[in-house]
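Accompanying notes for the structure given below.
The values are calculated or read from the model by the stated rules, or taken from the named source; none is laboratory data. All of these numbers come straight from a predicted model, not from anything done at the bench. Note: ideal-geometry Cβ built from the backbone for every residue, glycine included; neighbour counts use all protein chains shown. Side chains included, ligands, DNA and RNA excluded: accessible areas come from the protein's heavy atoms. Shrake-Rupley method; radii C 1.70, N 1.55, O 1.52, S 1.80 Å.
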Amino acid sequence: MKYIIILFFMAFSLTMNAQKVKIDGKTYQVKNEKIFLDGKDVTKTLKLEEKEFILKQAAMTSERMKGKGNNNGKAKGKEKKAITDEKEKMEEKTLKEAEKAEKKKEKEAKKLEKEKQKAEKAQKKAEKEAKRAEKALKKKQKAQDKFEKANKKLSSAQKKYDKLKRKGKLSPNAEAKWLKKLEDLRENIKKAEKRL
């Protein structure tokens, strides 16, 4: 019998310490700043706002049970109003957080778009530079080819002139023409060298 009475008092004291709070069809139990749902501790899984709301409701229930609050209809109406006000504040806060998150996402999307545009611009610029460098290389190669061609022409003309002069087959007019031709070829080499 003693054990039954002790067990009864322990159960009674536990239920007195635990406050039940109903929110959105769920019944939470609050014991020593810990929140239980179906006997499982959910304190850490709840959002800070939800946790504060549940703890406030438990405190209000506790005060009502101790007789500190008025037990008339006005007090209950005030409690209900306080609960709905608290819910509205929580919902408003959640909406604001959602809006902030949406704005942050939009900002990040714009930032990514700008970075993408910058990357495309840089790529186009690099392609332009590559084309320009390729063009300059072709131009240089062409100038090199012209220089070599002019050197070959001068060399072959010089050999032919020397050969004709040795054999004595050049008249004074022909010699003047050959000298003029050789001078022109030397000028062409100088021009080609400048282009290099």
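Restricting the first member to the stretch 39-53 and to residues that are under 18 Å from E97 (Cβ atoms), and the second to residues that are charged (D, E, K, R) and surrounded by fewer than 15 Cβ atoms within 10 Å (Cβ to Cβ), the beta-carbon pairs closer than 7 Å and six or more apart or on different chains are E49/K93.
With respect to being farther than 30 Å from A58 by Cβ and hydrophobic (A, V, I, L, M, F, W, C), A109 fits the description. Is it the case that the stretch 112-129 has a residue that's within 30 Å of F53 (Cα to Cα) and open to solvent by 90 Å² or more (accessible area, probe 1.4 Å)? No, there is no match, as no residue in the stretch 112-129 is within 30 Å of F53 (Cα to Cα) and open to solvent by 90 Å² or more (accessible area, probe 1.4 Å).
Kindly provide the set of residues from the stretch 177-196 that are more than 27 Å from K138 (Cα to Cα) and either open to solvent by 60 Å² or more (accessible area, probe 1.4 Å) or in contact with a strand residue (DSSP E or B) (Cβ under 7 Å, 6 or more places away or on another chain) (or both), ordered by number. Selection gives K177, L179, K180, K181, E183.
Taking the condition open to solvent by 90 Å² or more (accessible area, probe 1.4 Å), assigned to a helix (DSSP H, G or I) and either in contact with a Leu (Cβ under 6 Å, 6 or more places away or on another chain) or polar (S, T, N, Q) (or both), does K142 pass?
no
Hey, among K87, K78, which residue is assigned to a helix (DSSP H, G or I) and open to solvent by less than 100 Å² (accessible area, probe 1.4 Å)?
Working: K78 fails: open to solvent by less than 100 Å² (accessible area, probe 1.4 Å).
On inspection, the qualifying residue turns out to be K87.
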